[in-house]
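Here's the structure we're looking at; comments come further down.
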Amino acid sequence: MSNQKKNEENRMEQIVALCKRRGFLFQSSEIYGGVNGFWDYGPLGTELKRNVRNAWWEDMVSTHDELSCLENAPKPFAMVGLESSIIMHPQVWKCSGHYDLFHDFMVDCTESKKRYRFDHMRGRWAEAERKTKSEGSDEVTVETVKAFITSMEPGEEVEESITAHALKFFGLKSKYRDKINWLSEVLPISSIDNLQEAVAPEATRKGTLTEPREFNLMFKTTLGALGGADDAAFLRPETAQGIFVNFKNVVDSSRVKIPFGIAQIGKSFRNEITPRNFTFRSREFEQMEIEFFCHPDESSQWYEYWRSRRFNWYTSLGIAAEHLILREHHQEELAHYSVGTADIEYAFPFLSEGEYGELEGVAHRGDFDLRSHMEGKLDSDLNVELNEHGQPKHRGSGKDLSYFDDQARQRFVPHVIEPSAGADRGTLAFLCEAYQQDEQPDDKGKMQSRTVLKLHPRLAPVKAAVFPLIKKEGMPEVAAKIYHEFREAGINAQYDQQGAIGRRYRRQDEIGTPFCITVDGQTANDQTVTLRDRDTLEQERIPIKKVTEEIQSRLGR
Ligand code: GAP
């Protein structure tokens, strides 16, 4: 394993440990052993994630000025919000394509009763010779055995662990590791027969894997008490569809004119087969989505605009541009209706060197969604089943979702640009980016290692901490007064009088508090306090009566 990879893995472990220790994130239902793919945000995590959501909402919606043209925007536009329900009419998911197409291929192991995602099994096979004695004879036969091993991300250490797995399975001593012959081809889904030759990860014999089957990722639930087949409903796998089905309502009720965007933040649910990498792939997560409606002739310009605007949003909140990429999808990755999609990806520490994980997708969706909800799916590329009249089985709403431009006297079905971000992935990326360890002198000038979250002040869960240097000489009273004033001004502050001042600073550094205020011996004489900056470590004296104003201005309020 390379040192860099080891360091990154350590770094991720340290971040996970910090999240638990300081109350950012806990496993859901932990006291019952947890439930895979679900997470609870503790007191600090709740503040951090709320700040991420608020920053997104403020920057995309509430501070958006529809009369002014933003830099690089083709023209001024309006942004409005929406909060749609999690459970929607089942027909929504038929017309969106999720009912027919939102699935993974799965294989089951009949021996271990475990289920595996087929595309996560990279088709790594190993062949080895195993010497066995046939019963009742001294004759030794040589058997060739193949192993089929679940994939992890490729890399040196994966080869190592698969080799170890294979040696164990074949009962070979490690000196026979050279006898293992790797078959490197990635098996196509059609090579089902080969699965019968395979050994599932937790099986003791070959041939226990079933054929790959489709497994829909939507969580199913039942409406009402009777629970018949017609009462089946789904938890939404994306917030976007709530926006499309309300397009007409918003146009008719808020008098917005195209181009405009509708934004929504809310929970989505996907029954992910292999939730992993902390909150990165969860089964319940939050999305921050914009559906931007525009004239078809202008959609390419708006696509360019949103790609760069959304990329810049992450850098404006402290993610270094060199840790982010804007990855344009290849032609074969694109949904058939999509003119272009770009992912904004971040170099998460749990990934291998040079790999990035998706934070947000910016998709040019053409008029696909509105048209599907109007007419149903008419596109033969989707292999949509037709009924006996040759019409698509999943009919749309039949409602007219086109738009009439009263100035141009033109009717059209708008095109959609969709910047779709994950609030949990964003929060995780901000945490990973902020996590640092450095060395700082303690109270006695001795160098001590310090863990610090260099979160952008807008995102920091606690904005300021107030300390009396000692618990006497009137210092606690003055510090408490400043603390009350911060709270009244809506500044999330903490008061701490426990332990040496250096330890108090370190406690705050570890949770990313950007500013610490200390009331000390000089305060009684000149009515000033020290203000210490988390990142520069500079300490300045500020008059008490200006301290709230100073913090507010440093927070950019
Ligand atoms: N409406 C488009 C859409 O939902 P997506 O790429 O499937 O597109 C958008 O999801 C974003 O939602 C992703 O970029 C990611 O940030 C977040 N997301 C998707 N699945 C997730 C999961 N299982 N856990 C956490 N976040 C997820």
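Nothing in this text is a laboratory measurement; each read-out follows from the coordinates by a stated rule. Predicted model, so just to flag it, every value in this text is computed and none were measured. All Cβ positions, even for glycine, are placed from backbone atoms using ideal geometry, and neighbour counts span all protein chains on display.
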Q. Computed from the mean reciprocal separation of all distinct C-alpha pairs, what Kirkwood hydrodynamic radius does segment 443-554 have, in Å?
A. 14.0
Q. Once you treat every alpha carbon in segment 27-88 as an equal point and sum by Debye, what is log10 I(q)/I(0) at q = 0.15, 0.16, 0.19 Å⁻¹?
A. -0.72, -0.77, -0.88
Q: Place the peptides 341-351, 458-468 in order of packing, highest mean first, counting for every residue the other Cβ atoms within 10 Å and averaging per peptide.
A: 458-468, 341-351
Q: Provide the descending list of Cα extents for segment 208-337 along its principal axes, expressed in whole angstroms.
A: 48, 43, 31
Q. Do you know the relative contact order of segment 443-554, to the nearest whole percent, from alpha carbon pairs under 8 angstrom that are 6+ apart?
A. 29
Q.
Going by amide H atoms built from the backbone, whose H comes under 5 Å of the H on ARG276, apart from near neighbours?
A. ARG281
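Taking the highest mean first, how do the peptides 310-321, 287-298, 24-35 order by number of other beta carbon atoms within 10 angstrom per residue? All intermediate terms of the calculation are to be shown ahead of the outcome.
Details: 310-321: 17.1, 287-298: 20.7, 24-35: 14.1.
Taking the mean over residues of other Cβ atoms within 10 Å, the ranking is 287-298, 310-321, 24-35.
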Q.
Check which residues have an amide H placed less than 5 Å from GLY366's amide H, if you skip close sequence neighbours.
A. VAL339, VAL416
Q) Given H placed on each backbone N at 1.01 Å, which residues far from GLN448 in sequence or on other chains put an amide H within less than 5 Å of it? A) GLN440, ASP442
Q: Measure up LYS446/LYS472; LYS463/LYS545; LYS75/LYS454; LYS446/LYS545 against 29 Å on the Cα-Cα distance and list the ones that go over.
A: LYS75/LYS454; LYS446/LYS545
Q | Per-residue ³J(HN,Hα) for segment 30-37, Karplus 6.51 cos²θ - 1.76 cosθ + 1.60, θ = phi - 60°, Hz, x for Gly and Pro | A | 4, 5, 9, x, x, 9, 5, x
Q. Using the alpha carbon gyration tensor of segment 493-557, what are the three equivalent-ellipsoid semi-axes (square root of 5 times each eigenvalue), largest first, in whole Å?
A. 18, 16, 10
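Find, to one decimal place in angstroms, the Kirkwood hydrodynamic radius of segment 402-494, where the mean of 1/r is taken over every pair of different Cα atoms and then inverted.
On the way: mean 1/r = 0.0539 Å⁻¹.
One decimal place: 18.5 Å for the Kirkwood radius.
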